[in-house]
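Below: one structure, written as structure tokens.
Readers should treat all values here as calculations from the given coordinates under stated rules, not as data from a laboratory. If you're wondering where the values come from, they're calculated on a predicted model, not measured in any experiment. Counting neighbours? That spans all protein chains shown, and the Cβs are built from the backbone with ideal geometry, glycine included.
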Amino acid sequence: MKLDTPLGSLGPDITARLLTRRAAITRGASTSAVVAVGLRMASVPVAIAALSRDAFAQGALPEVVVRVLNLALTLEYLESEFYNTGVAKSGLIPAADRTIFTTIQAHENAHVQYLRSALGSAAVPKPTFDFTAGNGSGNGPYADVFTNYETFKAVAQAFEDTGVRAYKGQAGALQPYPAVLTAALTIHSVEARHAAEVRRLRGNFSETSPNEGWITRNMTDIPGTAAVYAGEENATQLGIDLTTITNIGVDELTESFDEPLTRRAVLAIVAPFIV
Amino acid sequence: MELDHLGTRDAAREETITADRRRFLRAAGLGGLALALPGVLAACGKEIAAPAAVKLAANTDIGDAATVTLNFATDAGVLNYAYALEQLEAAFYVQVIASPFGGMTATETRFLTDIRDHEVVHREFFAAALGSAKIPNLTPDFSGIDFTSRSSVLRTARAFEDLGVAAYNGAAMYLKSTAYLLVAGKIVSVEARHASAIRDLLEPRTSHFAPDAFDDAFSPTKVLAAADPFIVDTIIAINT
């Protein structure tokens with residue numbers, strides 16, 4: 001089957017469109033040269049980073065882009081250090097599940113690297129984290145996060161689902177900057193892949209709510225995460241009450257759409273994890 | 001008025017869809033959805049001025065395929081692109097559940113039924129949002145899929161879900177409405193959740209659920225070329 005092969009990577013076709021799409025990224029030959037370097041290296045992140053950097057004069061990122069990417073970077077710092085710590089902790093992750101978490105770990109570190117590269121000197125420094133959600137006490141509600149595998153997986157799920165909602169909530173702000181928007185979206189959907197895997201792992205792949213790959217209403221079985229799922233029960237999109245257009249149940253209706261979180265809501269969720 | 005969802009800026013008047021008359025009418029009969037005929041559109045309100053958004057070609061030759069043109073200069077064109085892909089996905093999973101492969105477990109049935117429901121919701125959502133501006137019902141061509149084979153079904157599902165993710169990621173920049181961008185974002189992450197889960201079914205507990213730190217973002221042309229073998233109709237993207 002034709003589609004069974006990997007679908008490839010960011011190709012020259014979309015690259016060209018990114019470069020010509022809007023005034024913000026309209027540049028001359030130098031742009032193509034920079035992007036070509038990334039493409040020659042056959043690296044999507046490099047190409048994206050080149051695109052993003054090249055879309056603006058270095059050091060002249062629009063304030064809104066800096067603000068959005070630094071929010072993203074803060075979350076990626078959180079996730080990367082969380083997985084770096086968890087993966088390094090002996091006896092925490094069973095051998096059978098190790099590849100799942102080393103995969104996610106590698107991705108989060110790549111996201112940090114990309115965002116720092118795109119932001120340059122405007123990148124915020126990495127905060128000091130308390131993964132127990134204890135605001136630095138080291139004795140928060142998830143005190144056994146690195147000794148109890150169940151807690152570790154639960155916190156991982158909360159981080160991933162928060163990440164999906166956080167990126168989504170910033171899409172509108174990035175709309176005037178198509179290269180950055182597209183780059184952010186290619187991270188956003190990877191966070192969703194992570195979230196689905198961790199959710200299913202927590203349910204031992206039994207595919208039963210609330211441990212399916214998708215979010216059912218605002219359901220959560222993790223203490224202290226009501227804010228992470230608040231609003232996911234929404235069943236109205238673009239003013240269309242979804243219950244009126246199919247006879248599919250409300251659980252599946254709400255699973256079909258992931259909801260965004262505002263910057264403020266995201267920062268409130270992560271605040272207990274930041275010293 | 002259905003078209004209110006599209007606002008006035010991106011009225012569908014730029015959409016031109018030519019279709020074989022017989023194919024078109026048959027689709028209307030089979031699909032059970034109201035067919036947007038020129039007369040209906042003309043009666044539909046101020047956003048749709050002549051020429052009509054949908055016109056039937058005079059061609060009545062043999063052949064079933066319609067040709068659908070998606071104008072990416074309009075948000076209606078972009079939403080119809082999503083609608084086309086959701087039609088394809090929904091039709092696929094409807095058939096997967098209607099004729100399950102041998103040995104489909106209860107867990108797999110529950111799982112694939114959920115995905116079917118999500119894709120049907122997406123399809124019906126776009127149909128409702130587009131109203132009279134929506135493209136006709138497409139006719140899938142699943143002749144290359146062996147629905148009795150778990151491997152064939154799951155590998156096709158993987159291809160469709162990954163393609164859907166790359167399609168939304170690549171099309172977002174065309175949208176002018178922030179509301180539409182947001183709703184596309186709400187859907188793409190669900191497609192990514194599907195992709196992750198399907199991939200994990202194929203290769204459990206490996207890195208397969210997320211093969212790269214960055215997902216693809218494909219141009220409409222590339223996506224439509226990949227989807228083409230699975231759709232009888234011809235879909236053309238313009239102003240990309």
Q. If you count, for every residue in B:147-155, the Cβ atoms of partner chains within 10 Å of its Cβ, what is the mean?
A. 1
Q) At each listed q (0.09, 0.13, 0.18 Å⁻¹), what is the log10 of I(q)/I(0) that the Debye formula gives for segment B:55-238 modelled as equal alpha-carbon point scatterers? A) -0.32, -0.67, -1.24
Q) Averaged over B:127-133, how many beta carbons belonging to a partner chain fall within 10 Å of each residue's beta carbon? A) 2
**Q.** Surrounding net charge for B:Met104, when Lys and Arg each add one and Asp and Glu each subtract one, Cβ distance under 14 Å
**A.** -1
Q. Residues of B:109-122, mean number of Cβ from any other protein chain within 10 Å of their own Cβ, rounded to a whole number?
A. 5
Q: Pairs of Cα atoms under 8 Å, at least six residues apart: use those to get the relative contact order of segment B:55-238, whole percent.
A: 33 percent
Q) What order, most packed first, do the peptides A:173-180, A:253-260 have when packing is the mean number of other Cβ atoms within 10 Å of each residue? A) A:253-260, A:173-180
